[in-house]
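Asks: Please see the structure below; I have some questions.
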Amino acid sequence: MSAYAVSPVSAPRRQRGDGFRQLLSSLDYGDLGAAQEAYQVVREDFRHAPVPPASPINDTLESGLGRIGAALQSGDLMGARHALEDMQQRFRGALILGR
């Protein structure tokens, strides 16, 4: 067997953005556990995103994710949803204004 052999059974690859979609879905369904898991995936994706560390977009994402995480940690699904919506609006604004 070659050192480069691949197992015929492998886990499906996750696409960037899957965690975000799962977070939205979990919040919509009120599933705290799933929302917390999806949040961890989103945080991990953000750590590997090609965004310059010192940028307004990065600041918007970092502060928004922090608010979402704090709300989820306290079990506040509605607060997490509001933080997510606020982050989306700020992110769009940063992109539109080129900040």
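Asks: How much length would be gained if the chain were fully extended between residue 36 and residue 62, taking 0.36 nm per residue of separation minus their Cα-Cα distance, in nm to one decimal? All intermediate terms of the calculation are to be shown ahead of the outcome.
Replies: Values: separation 26, 0.36 × 26 = 9.36 nm, distance 1.65 nm.
Full extension from residue 36 to residue 62 adds 7.7 nm.
Asks: With +1 assigned to the C-beta of every Lys and Arg and -1 to the C-beta of every Asp and Glu, and no other charges, what is the dipole magnitude of region 18-97 about the Cα centre in debye, to the nearest 20?
Replies: Working: 7 positive and 11 negative charges, 41 e Å.
That gives region 18-97 a dipole magnitude of about 200 debye.
Asks: Could you check how many percent of all C-alpha pairs in region 18-97 are farther apart than 22 Å?
Replies: The share of Cα pairs beyond 22 Å in region 18-97 comes to 19 percent.
Asks: Same structure, new question: By how many nm would the segment from residue 73 to residue 21 grow when fully extended, if each residue of separation counts as 0.36 nm and the alpha-carbon distance is taken off? Display every interim value, and only then the final one.
Replies: Numbers: separation 52, 0.36 × 52 = 18.72 nm, distance 1.92 nm.
16.8 nm is the gain from fully extending residue 73 to residue 21.
Asks: Given 0.36 nm per residue, what is the gain on full extension from residue 82 to residue 47 after removing their alpha carbon distance, in nm?
Replies: Numbers: separation 35, 0.36 × 35 = 12.60 nm, distance 2.26 nm.
Gain on extension, residue 82 to residue 47, equals 10.3 nm.
Asks: Also: For region 18-97, calculate the relative contact order in percent as a whole number, restricting contacts to Cα pairs under 8 Å that are 6 or more residues apart.
Replies: Numbers: 70 pairs, mean separation 22.5, N = 80.
It rounds to 28 percent for region 18-97.
Quick note: the coordinates plus some simple rules give every number you see, no bench work behind them. Computed from a predicted structure; not experimentally measured. Note that each Cβ is placed from the backbone with ideal geometry, even for glycine, and that neighbours are counted across all protein chains shown.
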